[in-house]
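Bear in mind these aren't lab numbers, they're just calculated from the coordinates by the rules spelled out. Everything quoted here is computed from the prediction, not taken from an experiment. A quick note on method: Cβ atoms are made from the backbone with ideal geometry, for glycine too, and the neighbour counts reach across all protein chains shown.
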Amino acid sequence: MGRLSMVLAVLLMLSAISLVTARFQSRQLFVATEVLSAKERDLETDWRRLQLERAELARNARTDTIARKELGMTSVGPDRIIYMEDASMAQGGTQ
């Protein structure tokens, strides 16, 4: 009877140690999951900010303002347009 009790006590201790180890690993995985979730939220926020920034930089009004102020470009009026005819079209040919 003493031998059986000793075997059961050892099995009980192994089971208890296994349970504690499983709980510890579970907590570690939970903490890692929370850290990764926070990182995901941060990356999602950065992505949205970059999307907004890209949209702002690509706006036509901004491009027009930069072209006029920094590059000195102006709109072309009808008096500055030169029309050219294709030589083959002038002779009546078609392509």
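General remarks:
- Residues in segment 37-81 that are of a type in the set (Asp, Glu) and touching a helix residue (DSSP H, G or I) at 6+ places or on another chain (Cβ under 8 Å): GLU56 alone.
- Residues of segment 38-76 that are outside any helix (DSSP H, G or I) and either exposed (fewer than 10 other Cβ atoms within 10 Å of the Cβ) or at positive phi (or both): ALA58, GLU70, LEU71, GLY72, THR74, SER75, VAL76.
- Meets criteria (assigned to a helix (DSSP H, G or I) and either under 19 Å from the mean Cα position of the chain (by Cα) or in contact (Cβ under 8 Å) with a residue 40 or more places away in the chain (or both)) for GLU34: no
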